[in-house]
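> I'd like to ask some things about the structure below.
What follows is calculated from the coordinates using simple rules that are stated; it is not laboratory data. It should be emphasised that the depicted structure is a prediction, and the values quoted were computed from it without experimental measurement. Neighbour counts run over all protein chains shown; Cβ positions are idealised from the backbone, glycine included.
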Amino acid sequence: MTRNKILGYAIGPIGAAMMGFITLPIITWFYSVEDVGRISMLQVVASFSVLLFCLGLDQAYVREYHEHKVKPKLFKTALLPGLILSLVFFGPIFIFDSQLISKWLYDIPSTYLTIISIVCFVLSLISRFLSLILRMEERALAYSMSQLLPKILFLVFILSTVWLGLTKDAYNLITAHTLSITAIFLVFAWNTRKEWLSALRYKIDYKELNKLLAFGLPLVVGGLAAWGLKVMDKLFLRGMSTFSELGVYSVAASIAGVAAIFAGIFNTIWAPMVYKWVNEGVDLAKIDEISEHLLAAIYFVTVLSGLFSWILPYFLPKEYAAIQYLITACLLGPLFYTLSETTAVGITIARKTKLSMVASIGAMSINVVGNYILVPRMGAAGAAVSTAVAFWVFYILRTELSRLVWRNMPRVKAYLLITLLLVATIIHSVFLKDSSFTVIVWSILLLLGFIFFRPTVNSVYTKTINIYKQIGKKHL
C-alpha cells in the first residue's frame, strides 16, 4: 500500500478524532453526566445490532473479495440477508410497544426516541457494508471523508443548540447522533452508487451464500463475545451503578479513543493488506517487523498517557475529575486489541474462524466476572481495570491460537511488556490515585522503553532526521 493511500486512510480517523476532541468538552460542559451516559448506551446497542445482523458476512466479504470475479454480486449476497433480518426483528418490537426501546436504553418512554434509535441501527448496518466497498477498492480519501463528515455535523448541531439556547437534553444528543449516522449513510451511498446499483441486477447465489455463512457465522458468536468484551463495562455500569458513573466512564473511554486514533487507521488497513500479501506470496516475516513497531508505539502511548493524565481535569467540569485515573486503563483495551490484530490474522487466513470465538468467549468470561466483582465496589474504576485485564487475556489467547493453526511468531517480549503496562495501569487506577509516586513509575517505564525498543527508536530518529534534511534542502 502506497504512502498516499495510508495518508488518505489516516485523514478520516485523525480528523474525526480532532472533531471529537473539540466536541467532547462542549458536551460535558452543557449536557448532564446522565445524558452522556444515555448517548453511550445508544452507541453500545448500535454496535451490537451491526455485529449481530451482519451475520459475519461483512468479514466473509472482505475475505473473498480479491478472489471473487463478480464483486457486485458478492456485495448483494453479503448485505441482503442481514438487512432483511434486522427489519423483521425491529418491526414487531415497535408494533408491540413503540416505547420499549427508549425505556430500556434511556429510562425515557418516548416513541420518537424509539424511532430514531431504530433508524440509527438500520442505517449503521447498511453503512458498514457500503464502507467495505471503499475500503476494499482502496479509495482511501472517500472512506476517510465519510468518517469525518458526521463528526462535523454533530458538532454543528451541538453548537447550534447552545447558540440558540435550545433545551440541552437526551433528545438533542440522540437526534444529533442519528443525524450523523444518516449523513455517513448518504455519503457512502453516493460514493458507492456504481457498485450497489450494479448489484441490484444480480440474484443471490444461495450456494455462494452458504459458503459465506460457513465462514461468517462462527465469527458472529466470536464477534458477539468480542462485543461483550468491549462493552461489558458499560452494561454493568448501567445495571449495577448509576448513569453518572456511566457518563464519567464513557467520557474517559471517548478520550482514550481519541488518543488511540492510529489504532483505527491500522485496523482499517491491516487485514486486507495481509490477505493481499498472502495472495501474492509476499514474505510474511514483514508481519513480525510491523508487530514489533506497533508494540513500541503502544508502549510509548500508554506510558505517556499515564505520565500526563493529570492534565485532563483542567479541561473538564469537576464532575469528571476521576477521568485522570481511568484514562490509561481505558486506553489499554483498544491498544491491546489492535496489537492482537497483527498476530490473530492467521486465524482467518487459515479459515479457522471458530478459534476467534474461543478467544473472545474466554476473554469475555473474564470481563463478566471482573465487572461483576469490581463494579459494585469501585464503580467506573472497577470497570476500567476489569476490561483492561480481559483485553490482556484476549491478546494472549488470539496469539497462541493463531500460532497453533498458522505460523510461529515471536511473542515473549510482547507478553512481558504488555503485562508490565497492565500492572502499572492497575497501580495507577486503584492504589496510587493521589500519589506523586505514579509520575516516578511512569518516568522509569518511559526510560526503559528506549532500551526495550532501541532499534525502533533509532529507525524513527533516522527517518525523522532525513525528512528534516529533505525539507531543509527544499527551502535552500
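> Let me see the pair-distance distribution of the stretch 1-204: every alpha carbon pair, 10 Å bin width, integer percents in order.
8, 30, 34, 21, 6, 0
> Cβ neighbours within 10 Å, averaged per peptide: list 29-41, 327-339 in order, most packed at the top.
The packing order, highest mean first, is 327-339, 29-41.
> Using the alpha carbon gyration tensor of the chain, what are the three equivalent-ellipsoid semi-axes (square root of 5 times each eigenvalue), largest first, in whole Å?
32, 31, 23
> Something else about it: Note down the magnitude of the dipole of the stretch 176-309 about its Cα centre, charges +1 on Lys and Arg C-beta and -1 on Asp and Glu C-beta and zero elsewhere, to the nearest 20 debye.
Magnitude of the dipole: close to 660 debye.
> Extending each Cα 7 Å along its Cβ direction at Met240 and Ser98, get the distance between those two points in nm, one decimal.
Calculated label separation equals 3.8 nm.
> At 0.36 nm per residue, minus the direct Cα-Cα distance, what do Leu85 and Phe30 gain on full extension? Give it in nm, one decimal, please.
16.0 nm
> What number does the stretch 351-476 give for Rg over Rh if you use C-alpha atoms and the Kirkwood radius?
With Rg and the Kirkwood Rh in hand, the quotient comes to 1.12.
> Helix-only mean residue ellipticity at 222 nm, the chain, DSSP H runs n ≥ 4 weighted -39,500 (n - 2.57), per residue, nearest 500. What is it?
Taken over the chain, the calculation gives -29000 deg cm²/dmol.
> Can you grab the distance from the C-alpha centre of the stretch 213-244 to the C-alpha centre of the stretch 72-101, Å, no decimals?
With the stretch 213-244 and the stretch 72-101 each reduced to a Cα centre, they are spaced 20 Å.
> How big is the convex hull of the Cα atoms of the stretch 223-476, per residue, in Å³?
Each residue corresponds to 147 Å³ of Cα convex hull volume.
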